[in-house]
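I have placed the structure first, in the form of structure tokens, so that the comments after it can refer back to it.
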Amino acid sequence: MLRRLVIPALLAAVSTVVLAAAPASAAADPDVNEVVSALRSEHAYVAPDAELVSSADAGTLSQIAENSETPVYIAVFPEGTFTSRTAAGAFAGQVQSEIGDGTYVIVSGSDLASDSTVLSDSAVDSAEAAAREQGTPVDGLNAYVQELNAEASAARSSSVFGAVLLGVLALAVVGGGFFLYNSKKKREAKAAQELADIKQMAAEDVTRLGEDVAQLEIDLTRVDDETRRDYTHAMDSYDRAKTALDTIQRPEEIQQVTTALEDGRYYMTATRARLDGRPVPERRKPCFFNPQHGPSQQDVMWAPPGGAPRSVPACVTCSQAVLTGGHPDVRMVEVDGHRRPYYDAGPAYAPYAGGYFGMDMMMGMFTGMMIGNMMGSMMGASMMGAGMADMGAAGAGDVGAGEVGGGDDFGGFGDFGGGGFEGGDFGGFGDF
């Protein structure tokens, strides 16, 4: 009797592939490269000393596997090939990691076990039931593959096929296997790229502020206390922004930099006004279209392409452009090889804008904009202290790697016996 069982040792390294083994008298370890080479070219491997499948049958098995609608790989070994669950799992892990996803069928002596990374458990169960009714290994494997093809065709034509795939993915996540590992690596790579991009953008703002402050060419010994105070405040904010830029580790921390930049740019503007003998401007939010323009002069009604009008702060130049039907000078960034406005560049740029405009204004200014999806995902995470990277890490930490049991009993092909490993090792087919 056989039922499928997830191998814990294998689950930590690759997606689920369930194996079976035969009695405790071990044969020589199979050559991984030989098996991988055969499965890549012919989708079937028959060990030279396998008793129940002849060399003539090997060609038939290859045709059966290659003609399958979904990837199927068949490997036949003599009894006693594997002596423990760890040995069988380690070998299967090496083979699957070299070949990739598919449905793997392992025959060891008179025993069979199988599982799939591309089809549902129910599909594998149905295939095993079809194989059980056959009298020979070749006939059984042919019935097995035909049933897999029927299940795959039915799934493709069903509206629940997507849900089945999600279920398979969920199973892989719960198990903490190969797909979880890949997803984590992709998240880390994406976060690293986002951090590099957002730091580059903020570095340009820091440099621009430093150049503008330097152009004041102020002699602190020749100015009044108010001018000296505003200039000192501008320089301190500039230094604070540089320091923060050098220390941030996550995209959401860029808010520290832009908060300091907003402060420094206002006091630089106030210093210039005092030097020119003009009134110190009102403390307003930066120009929405490009925070490098400094404090805004007024609010204007503006609508993004395809969006609803909303009131946004704008500098003198951008206000005039909007009010006269022109195009304001928008801060652009490169995303996936394309130049886009910073406010439409994705969730990673929300903290950048939040440092300039503050949370309250962000909620009113961006709601309904093309980055509405950004605000939905970002506001509750990156900008409110629960960064997506932390959430991903926490989720991964909570995932258990428990065993997956179940499956129907399977009596083998006709009169196939059910021997296997004893004790706590890789259980025999009769004990699954």
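Tabulated values for the structure
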quantity	calculated
Residue 324 in the same structural domain as residue 210 (by TED's automatic domain parsing), β-branched (Val, Ile, Thr) and closer than 19 Å to residue 357 by Cβ	no
Some residue of the stretch 21-30 being surrounded by fewer than 22 Cβ atoms within 10 Å (Cβ to Cβ), of a type in the set (A, V, I, L, M, F, W, C) and either modelled with pLDDT under 50 or not in a loop (DSSP other than H, G, I, E, B) (or both)	yes
Selected residue (only one of 135, 89 is in a helix (DSSP H, G or I) and either in contact with a Leu (Cβ under 6 Å, 6 or more places away or on another chain) or at pLDDT below 80 (or both))	89
Only one of 285, 242 that is within 42 Å of the chain's Cα centre (by Cα), at negative phi, in contact (Cβ under 8 Å) with a residue 60 or more places away in the chain and surrounded by fewer than 22 Cβ atoms within 10 Å (Cβ to Cβ)	285
The stretch 212-237, subset closer than 23 Å to residue 258 by Cα and polar (S, T, N, Q), residue surrounded by the most Cβ atoms within 10 Å (Cβ to Cβ)	237
Restricting the stretch 121-137 to residues that are surrounded by fewer than 20 Cβ atoms within 10 Å (Cβ to Cβ) and in contact with a helix residue (DSSP H, G or I) (Cβ under 6 Å, 6 or more places away or on another chain), the residue that is farthest from residue 53 (Cα to Cα)	126
Near pairs, Cβ below 7 angstrom, 6+ apart or cross-chain, from the stretch 302-319 (modelled with pLDDT of 90 or more) to any residue that is of a type in the set (Ser, Thr, Tyr) and surrounded by 13 or more Cβ atoms within 10 Å (Cβ to Cβ)	313/296; 314/296; 315/296
Residue 325 being at positive phi and at pLDDT 90 or above	yes
Only one of 304, 313 that is surrounded by 15 or more Cβ atoms within 10 Å (Cβ to Cβ) and in a loop (DSSP other than H, G, I, E, B)	304
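The values are calculated or read from the model by the stated rules, or taken from the named source; none is laboratory data. The shown structure was predicted, so the numbers you read here are calculated from the model rather than taken from an experiment. Counting neighbours? That spans all protein chains shown, and the Cβs are built from the backbone with ideal geometry, glycine included.
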